[in-house]
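These notes are about the structure you will find just below.
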Amino acid sequence: MAKSPFKRNNTAAGFSLVETIVATSLLAGVLIGAAQLFVIAIRANQNAQKSTFASTLAVQKMEQLRGLAWGFESIGNGMSVPISDFTTNLTVSPATNDGLGLRPSPDNALSANVAGYVDYVDRFGNSLGGGLAVPAGTVYVRRWSVEPLPTNPNDTLILQVAVFSLGDRPPGDSGDVLGRVRDDARITSVKTRKSR
């Protein structure tokens, strides 16, 4: 008997409806997982960017503080006198001579906005000035403290700078450095008088 050209082959290749549904479900699961990974990666990148920017702002303020005069100046005959900058205003840019410079700060200078020891920065890193009131456009608050070293108060200072983003704080949070959040930056340095 000859084979009919119109007869179907029961072993023809193809996918059943069940196989198609299973394959589609697996593909959908993989795509959803990949989308979640993209969201996590984007958030991690944004957090790293905030952290890096806060650290840069902290280093910038520390360099300003470390650049202020704090040393000895020779007056001849082997004698020298201490020199200290107690007038530079670092809350404005460019700095002026109507500020507190390296005067010791109040104990709460890092946990509250203290005039002369705080400034505000916009999202581009531009200074918006200092004071107690937070100006419009503030994204970062930068606070610093100047403390004499207890064992050598006349010649050594402990400088601290704390930077935090207003957007990362819950409403009513004043930015107390003891309750730090992930993207805060805080650095400490020591400044000792040196002869010129």
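Laid out as a table, the results:
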quantity	calculated
Neighbour-limited loop hits for chymotrypsin sites (Phe, Trp or Tyr not before Pro), region 11-67 (at most 11 other Cβ within 10 Å; DSSP other than H, G, I, E, B)	Phe15
Likely footprinting exposure, Leu27, Leu68, fewest C-beta neighbours within 10 Å first	Leu27, Leu68
Low-density loop cleavage sites - chymotrypsin sites (Phe, Trp or Tyr not before Pro) in region 71-168, where at most 15 other Cβ are within 10 Å (DSSP)	Phe86, Phe124
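Each reported figure results from applying straightforward, stated rules to the coordinates on display, with no laboratory input. Nothing here was measured: the structure is a model prediction, and the numbers come from that model. Neighbour counts run over all protein chains shown; Cβ positions are idealised from the backbone, glycine included.
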